[in-house]
């Protein structure tokens with residue numbers, strides 16, 4: 001996929017993945033890939049800076065937790081109230097954009113079919 | 001250091017302090033969790049697989065530097081710019097200016113000039129300004145390079161209200177001594193036993209760096225041969241015969257301040273390595289100095305805090 005498309009929608013994707021339950025960095029990458037049949041593939045160097053940016057903005061909250069298996073603590077991220085509002089706004093924005101694009105492309109396709 | 005720690009160190013290269021430790025802990029926890037999952041699935045090479053999934057550590061480092069370090073770099077650069085404009089407040093010198101003998105030398109690589117101050121002139125003038133001076137050589141340093149085993153000629157100035165003395169010495173390295181030879185300054189790898197009986201000079205940048213350690217407020221004032229005000233003492237660096245390029249003195253102060261701010265976040269060298277950022281910083285500082293040139297004479301002041 002076009003990396004700019006991913007980059008432009010990164011906040012929306014991450015917030016949507018984090019929304020249901022707390023999740024850590026590595027799981028976010030796999031979740032994004034699995035839920036989109038491998039369409040979203042975060043490049044190295046993209047995920048953690050984006051998570052830290054969202055954390056600084058107050059949209060997500062990170063906390064270290066020890067897992068029952070032991071070992072080093074793992075940093076889990078959960079969405080905050082302001083993150084929920086941001087996600088909701090971005091969803092609406094994306095849906096409006098997608099709808100407009102579909103109308104445009106649908107019309108273009110329709111007119112193309114009519115010409116042929 | 002094992003493979004995992006090597007990877008984490010590489011991925012967080014360039015970061016600094018508490019933030020670096022926190023990010024290292026995050027990466028460690030995330031990778032270990034993945035290794036554990038892979039081992040449960042029977043993967044015999046779980047560590048390498050997990051690191052492969054993470055991707056190139058160098059790219060992670062670049063991404064993290066952009067997120068965590070660059071805003072601080074810019075913040076410091078902007079702060080210096082603000083200081084340049086905000087420190088317009090009136091500064092009055094209670095003492096007459098003192099002239100420090102200075103020589104300039106053009107660098108062959110470009111049209112810039114570097115300035116060098118004569119040690120003996122610094123001593124004479126600061127003494128005349130009432131600053132007490134001690135020229136006892138510094139004690140040798142054991143377990144160090146051969147040169148350090150000898151006593152180091154030094155000058156120690158005691159400024160009133162300074163947190164620590166101004167110490168100038170002819171040690172190789174940052175304070176590299178330079179010697180006047182046939183009208184030209186040459187680097188002196190084996191400095192003279194006395195730094196005041198010979199025509200030994202020190203780089204202006206090194207001098208500024210040592211001055212900063214005194215903890216005294218440092219101001220640059222004026223445009224034509226700007227003066228350097230250290231606490232209540234004013235030093236005149238240039239002269240009518242040798243006009244010190246004002247934008248260079250201003251930018252020396254500004255660049256040092258920025259580098260200092262950046263080094264607090266530990267990433268100066270890494271930013272240089274990864275971003276080629278020193279060029280941007282250099283340009284910014286010189287633009288700042290050029291901008292100051294446009295201001296009225298009374299506003300030509302910058303404070304190094």
Report summary line: Taking segment B:44-61 and keeping only residues that are within 7 Å of chain A (Cβ to nearest Cβ) and either closer than 12 Å to residue B:4 by Cα or surrounded by 20 or more Cβ atoms within 10 Å (Cβ to Cβ) (or both), one is left with B:54, B:60
Report summary line: Subset of segment A:30-46, residues crowded, with 19+ Cβ neighbours inside 10 Å and within 8 Å of another protein chain (Cβ to nearest Cβ), comes to A:44, A:45, A:46
Query raised in the report: Is it fair to say residue A:78 is in contact with a strand residue (DSSP E or B) (Cβ under 8 Å, 6 or more places away or on another chain), touching a residue at least 12 places away in the same chain (Cβ under 8 Å) and within 13 Å of chain B (Cβ to nearest Cβ)?
Result: no
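Working only within segment B:26-39, note down all residues that are under 37 Å from the mean Cα position of the chain (by Cα) and either within 7 Å of another protein chain (Cβ to nearest Cβ) or modelled with pLDDT under 90 (or both).
Scanning segment B:26-39 gives B:26, B:28, B:29.
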Report task. Of the conditions (1) in contact with a strand residue (DSSP E or B) (Cβ under 9 Å, 6 or more places away or on another chain); (2) more than 12 Å from every other protein chain (Cβ to nearest Cβ); (3) touching a residue at least 40 places away in the same chain (Cβ under 8 Å), residue A:90 clears all except one; give me its number. Result -> (1)
Query raised in the report: Can you name the residue in segment A:47-70 that is within 13 Å of another protein chain (Cβ to nearest Cβ) and part of a loop (DSSP other than H, G, I, E, B) and, of all such residues, is modelled with the highest pLDDT?
Result: A:57
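The values are calculated or read from the model by the stated rules, or taken from the named source; none is laboratory data. Quantities reported herein were computed from a predicted structural model and do not represent experimental measurements. Please note: Cβ atoms are built from the backbone with ideal geometry, for glycine as well, and neighbour counts cover all protein chains shown.
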